[in-house]
Structure formats: C-alpha cells, structure tokens
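The next block holds one structure in the form of structure tokens; read it before the comments.
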Amino acid sequence: PKRTREEFTGRWAFILAAIGSAVGLGNIWRFPYVAYENGGGAFVIPYLIALLTAGIPLLFFDYAIGHRFRGSAPLAFRRLSRWTEAVGWWQVLICVVIGIYYAAIIGWAIMYTWFSVDQRWGEDPETFLMGDYLRVADDPSPSFDFVSGVFWPMLAVWVITLLIMGFGVRRGVALASMVGIPLLIVMFLILVGIALTLPGAAQGLDALFTPNWAALADPGVWIAAYGQIFFSLSVGFGIMITYASYLNRRTNLTGSGLVVGFSNSGFEILAGIGVFSALGFMAQASGVSVSEVAGSGIGLAFIAFPTLISQAPLGALIGVLFFGSLVVAGFTSLISILEVVISAVKDKLGWGRWTATIVVIGLSGVVSLALFSTTTGLQMLDTMDAFANNFGIVGAALLSVLLVTGALGSARRITAHLNAVSSFKVGRGYVLLIGVLMPIVLAYIWLSWIMKVIAEGYEGYPGDFLGVFGWGIALGSVALAVLLSLIPWSRKSNLYAEDLD
Ligand code: PHE
Ligand code: NA
C-alpha cells in the first residue's frame, strides 16, 4: 500500500514539539531540588558534563534512528535489524506507564490552579493535600476507593488529549506546542519576575547557587546529574525517535538538537531561580533556613508552593502562574509520551490516526483513571515513577546503545546519517561517546539503582506492593515487549507502506 507518513510542517514545528516534550514537570519541580541537594552551584559542573557527554549525544542518536528509519520506535528498531524490535516496544510500554501517571499530576495541577484563587488549603497545605484533596490511604494496598476531586480533572485531561492528538502531527501535536511553549514562556517569566522581587529572594538564590565543591567527589551527585539529564531531555525512550520520524528527509538534525538541548537547560536554570527565590521568601517569612522549606517533587509543588501562595503578596497570581505553567508544560510532555504509543500502533497495524488515537487514549485513560483517582493513587504513582525512570528509561537507553553500537556495529551508520543532513558535524569523538562512555555510565547508573532497591526496598513500601507496582510492571513490560515483537507485521502495516529513500 502507498501511504505517506505524517510530517511536521517544517523544522521549527519539530523543534517546538521537541522542546514541548522536553520542558515538563521535570524542569519545574525536579531540577531545582536535584541541583540543590547535589552540590548547589557546584552541580553545574556534573550537569553540564552530563548534558554534553550524554544528553545531547543521545538526543542525536535518537534523532538519527527515527529519521533514518522513518518509523515509530518499534518500526525504526525493526528496520535497523530483525532482532531489535523488542527494544522499541519496551520504550513504548515505558511511555504507557509514564503517561498514565503523568495525567494524574496534570489533573492535580488543574485543580490547584483553581484552588490558588481561594486558597482553600488554609493554614495547613500538607493536611489539605493528603487528607482533603487526595484522601491518601494509610495502607498502600490498592483500595479502589474513588476520589472525585481527582477523577474529574483527570477525565478532562484525557478528553482534551484525545481531541488534540486525533488531529494528527501537524494540527494536533505540533500546534499544541506552538501555542503552549510561547504561553509557558510568558507565564513563567512573569512568575520569575515576581519571585525575584519577594523579600528573601536573594537568600534563596544563595542557597541554590553556593557551590559545595566537596559534592563533586560523591558518585551519587554524578548519577543524579546524568539521571536528571536523561529524564529532562526525554531521551532514550522513543519520544525523539518518533518525532524525528515525522521530519522531512533533509532536515538539519544536530543543529535542531542543540537548540532543543540548550533551551531545555535554559528553562531549568530559570525554574531554579524562580523556585529558590520563592523558597528564600518563605524561609525568611517563617524565620527558618531554606533547607527546611525546600520539599522535593510533589511536596515542593503541592505543599511548599501553597504555603507560599498564602503568605506572599500577589499570592493568588503566583499560584495561577505556577500551577498554570505546570499544566501547560505537562500537557505538551504528555502528548509526546502518548504519540510514541499511537505512532507504534499505527505503524504495526496500519490503522488510521483517529482509530489509533481513540483506542490508545481510551485504554490508557481508563487504566489511568482506575488507578490514580483512588485513595492509593499517590503511593502507586510514586513507585511507578521511580521504576519507570530508573529501571525503564535508563535500562532501555542502555540496551539501545549497546545493541546499536556494539552488537550491530552501526555507530558509523548513525554518524554518517547525521553528517549527511546536518550543519554541526560529529566525528570519532562522538562514536567514542556513544559506543564506550555511554554504555559504561548507563550500566553503572542502572545497576547501582537496582542493587540499592534490592537491598533496601523503596520508600519503605511493603514487598507485595513493590512486587506488583514496581518490579511487576517493570519486568512485565520487558516480557510483553518481547511478545509484541514476535507478532508478525501484516502486509497492511507501515513496514511495507513506503520506501526508505
Ligand atoms: N522531559 C520531561 C520533563 O522534564 C519529562 C518527560 C518524561 C517527558 C517522560 C516525556 C516523557 O519533565
Ligand atoms: Na525537561
């Protein structure tokens, strides 16, 4: 069958979509506390090294695979060799897992944008979050007790996502970022501007940027830097392969990658400045040190920020801008995660855009709502997030570089492809980074996390709970990926739909 692949309208549509994917919750709530906990100002060094030696090279690697083989992750890896398709399906399943919990966080952020106006959390945002809003159960065994304040905004997230993605790559995926990214930049700049004028802001910035050079001797700090870069750039799990497959045959890949990589990091630094100015204000207002007010992750966004919103001048505006930014940044990332899945289903089954979108989003949405609008949603989310990132993303990235550069000896093919279309050329050094340094770093990070969890468990959760929502899903995805790769491609599928050149 003659079917032409969907395409971005141009290089900038692609760049904006890739920035939309990269800039997400990780920039706003993850980077600031990771930097703070891992050496503050000194974290810049491992962070930049990780960006230059792993983040950007891996971004180029994903672009090259998607662009050269013009397919979703399973199709691109299938075209690379008959035996590597399962890697693509592993990446797809990781995206399913991340997508179903990411939607929950966007749903909470929608509600908190609204709560910022009346500040209904009162004196105690922590009790409000855990008790009144999420109604978190003490015991993490799944209860399926339904929490309506989480259900409705999540349903809205899934319906909106369905409508956007049904319109396809140009009028859905790319357009969402072309609207979302400028909006996000404006909102975030205003937010940072306000935060910088709060009394105590300087103290917060001092806390973030004062270098602790001793931290550089700690391997944990380097692991944190590489981990942050992988997650933050959305590399290694199919997203950039998928987006690059929608590019015109002659597109400057490396030039685009540099724009995406540096924009994402720029946004992280900006978020660090905004968040720590705000924390500085809170520390001063309550007469404690910055370290006492800096929560991490969910606590930072949904406990520390509400406290700030109640205390600061222009609090309601700060709240609407902060949670509004989370919503917009979250949506463009969620879309990119789900596009990996939709694209894979379209390619393998030869389905049309709407059919694939309705089936993928319908199924993911139902599972997502069933798991996360319940009183045990928070514990499951936390566990799935940790395993998806530390086991899944890192593991899949490791396997893909090992297979491509090691077993298949294709590093030359990748570089040749990049150089054939791009302005910024890569050479021998690049092959060494991808073929030698990257597997070592990734293997080290991956194995050290696994060994730690085997030895110590995770967050004190019971073994059977971890067995299902941690190890069960993680290892189950690997097994399922292998099974999916064994299903033959039908004649109707996109494997046969078009020529490569
Ligand atoms: N890169 C995104 C961020 O920084 C996170 C993300 C993870 C996006 C997984 C897509 C998929 O928040
Ligand atoms: Na990011």
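The values are calculated or read from the model by the stated rules, or taken from the named source; none is laboratory data. A quick note: this is a predicted structure, and the numbers were derived from the prediction, not measured. Quick reminder, even Gly has a Cβ in these numbers, built from the backbone with ideal geometry, and neighbours come from all protein chains shown.
Go through 55, 26, 39 for me and flag whichever is over 21 Å from residue 401 (Cβ atoms) and within 16 Å of ligand 2 (Cβ to nearest atom). Give the steps one after another, and end with the answer.
Details: 55 fails: over 21 Å from residue 401 (Cβ atoms); 39 fails: within 16 Å of ligand 2 (Cβ to nearest atom).
Unique residue meeting the criteria: 26.
Please name all residue pairs, on different chains or six or more residues apart, with Cβ atoms under 6 Å, provided the first residue is in region 337-361 and is more than 16 Å from residue 494 (Cα to Cα) and the second residue is modelled with pLDDT under 95 and aromatic (Phe, Trp, Tyr).
Short answer, once both residue conditions are applied: none.
For region 458-477, indicate whether the set of residues that are polar (S, T, N, Q), in a helix (DSSP H, G or I), buried (at least 16 other Cβ atoms within 10 Å of the Cβ) and modelled with pLDDT of 90 or more is non-empty. Lay out the reasoning, then the answer.
Keep residues of region 458-477 that are polar (S, T, N, Q), which gives 477.
This time we only want the ones that are in a helix (DSSP H, G or I), so: 477.
Pick out the ones that are also buried (at least 16 other Cβ atoms within 10 Å of the Cβ) and you get 477.
Narrowing further to those that are modelled with pLDDT of 90 or more: 477.
Checked against the condition, which is being polar (S, T, N, Q), in a helix (DSSP H, G or I), buried (at least 16 other Cβ atoms within 10 Å of the Cβ) and modelled with pLDDT of 90 or more, region 458-477 yields at least one hit.
Considering only residues that are of a type in the set (Gly, Ala, Ser), surrounded by fewer than 23 Cβ atoms within 10 Å (Cβ to Cβ) and farther than 16 Å from residue 398 by Cα, which ones fall in region 221-264? Break it down into steps so the answer makes sense when it comes.
To start, the set of residues in region 221-264 that are of a type in the set (Gly, Ala, Ser) comprises 224-225, 227, 232, 234, 236, 238, 244-245, 255-257, 261, 263.
Still in the list and also surrounded by fewer than 23 Cβ atoms within 10 Å (Cβ to Cβ): 224, 227, 255, 263.
Within region 221-264, 224, 255, 263 qualify.
Checking the condition in contact with a strand residue (DSSP E or B) (Cβ under 9 Å, 6 or more places away or on another chain), of a type outside the set (Val, Ile, Thr) and either buried (at least 24 other Cβ atoms within 10 Å of the Cβ) or over 30 Å from residue 68 (Cβ atoms) (or both), which residue from 176, 201, 207 passes? Don't jump to the end; show me each part of the working.
Working: 176 fails: in contact with a strand residue (DSSP E or B) (Cβ under 9 Å, 6 or more places away or on another chain); 201 fails: in contact with a strand residue (DSSP E or B) (Cβ under 9 Å, 6 or more places away or on another chain).
After applying the criteria, what remains is 207.
Only one of 378, 402 is surrounded by fewer than 19 Cβ atoms within 10 Å (Cβ to Cβ) and on the phi < 0 side of the Ramachandran plot; which? Walk me through it before giving the result.
Values: 378 fails: surrounded by fewer than 19 Cβ atoms within 10 Å (Cβ to Cβ).
Within the list 378, 402, the selection yields 402.
Take the conditions modelled with pLDDT of 95 or more and within 16 Å of ligand 1 (Cβ to nearest atom) and apply them to residue 20. Does it pass?
Against the criterion (modelled with pLDDT of 95 or more and within 16 Å of ligand 1 (Cβ to nearest atom)), residue 20 qualifies.
Check 233, 198 and return the single one that is at negative phi, at pLDDT 90 or above and within 16 Å of ligand 2 (Cβ to nearest atom).
Working: 198 fails: within 16 Å of ligand 2 (Cβ to nearest atom).
The unique qualifying residue is 233.
Looking at 47, 33, can you tell me which residue is within 16 Å of ligand 2 (Cβ to nearest atom), more than 21 Å from residue 260 (Cα to Cα) and not β-branched (Val, Ile, Thr)? Don't jump to the end; show me each part of the working.
Working: 47 fails: more than 21 Å from residue 260 (Cα to Cα).
Exactly one of 47, 33 is within 16 Å of ligand 2 (Cβ to nearest atom), more than 21 Å from residue 260 (Cα to Cα) and not β-branched (Val, Ile, Thr), namely 33.
Can we say residue 434 is in a helix (DSSP H, G or I) and either closer than 24 Å to residue 259 by Cα or touching a Leu at 6+ places or on another chain (Cβ under 8 Å) (or both)?
Working: in a helix (DSSP H, G or I): yes; either closer than 24 Å to residue 259 by Cα or touching a Leu at 6+ places or on another chain (Cβ under 8 Å) (or both): yes.
For residue 434, the condition - in a helix (DSSP H, G or I) and either closer than 24 Å to residue 259 by Cα or touching a Leu at 6+ places or on another chain (Cβ under 8 Å) (or both) - is met.
Filter region 412-441 down to residues that are of a type outside the set (S, T, N, Q) and without any contact (Cβ under 8 Å) to a residue 60 or more places away in the chain, then give me how many there are. I'd like the intermediate steps shown before the answer.
First pass over region 412-441, keeping only residues of a type outside the set (S, T, N, Q): 412-414, 416-418, 420-421, 424-441.
This time we only want the ones that are without any contact (Cβ under 8 Å) to a residue 60 or more places away in the chain, so: 412, 416, 420, 427-429, 431-432, 435-436, 439-440.
Residues flagged as of a type outside the set (S, T, N, Q) and without any contact (Cβ under 8 Å) to a residue 60 or more places away in the chain within region 412-441 amount to 12.
Specify which of the listed residues (359, 341, 367) is part of a helix (DSSP H, G or I), within 16 Å of ligand 1 (Cβ to nearest atom) and at pLDDT 90 or above. Spell out the reasoning first.
Numbers: 359 fails: within 16 Å of ligand 1 (Cβ to nearest atom); 367 fails: within 16 Å of ligand 1 (Cβ to nearest atom).
One residue alone meets the criteria, 341.
Give 80, 93 a once-over and let me know the one that is farther than 23 Å from residue 294 by Cα, more than 16 Å from ligand 2 (Cβ to nearest atom), modelled with pLDDT of 95 or more and among the aliphatic types (A, V, I, L, M).
Just a single option satisfies the conditions, and that option is 93.
Can you run down the residue pairs with Cβ atoms below 7 Å, 6 or more apart or on separate chains, where the first is in region 18-41 and within 14 Å of residue 218 (Cα to Cα) and the partner is part of a helix (DSSP H, G or I) and at pLDDT 95 or above?
none
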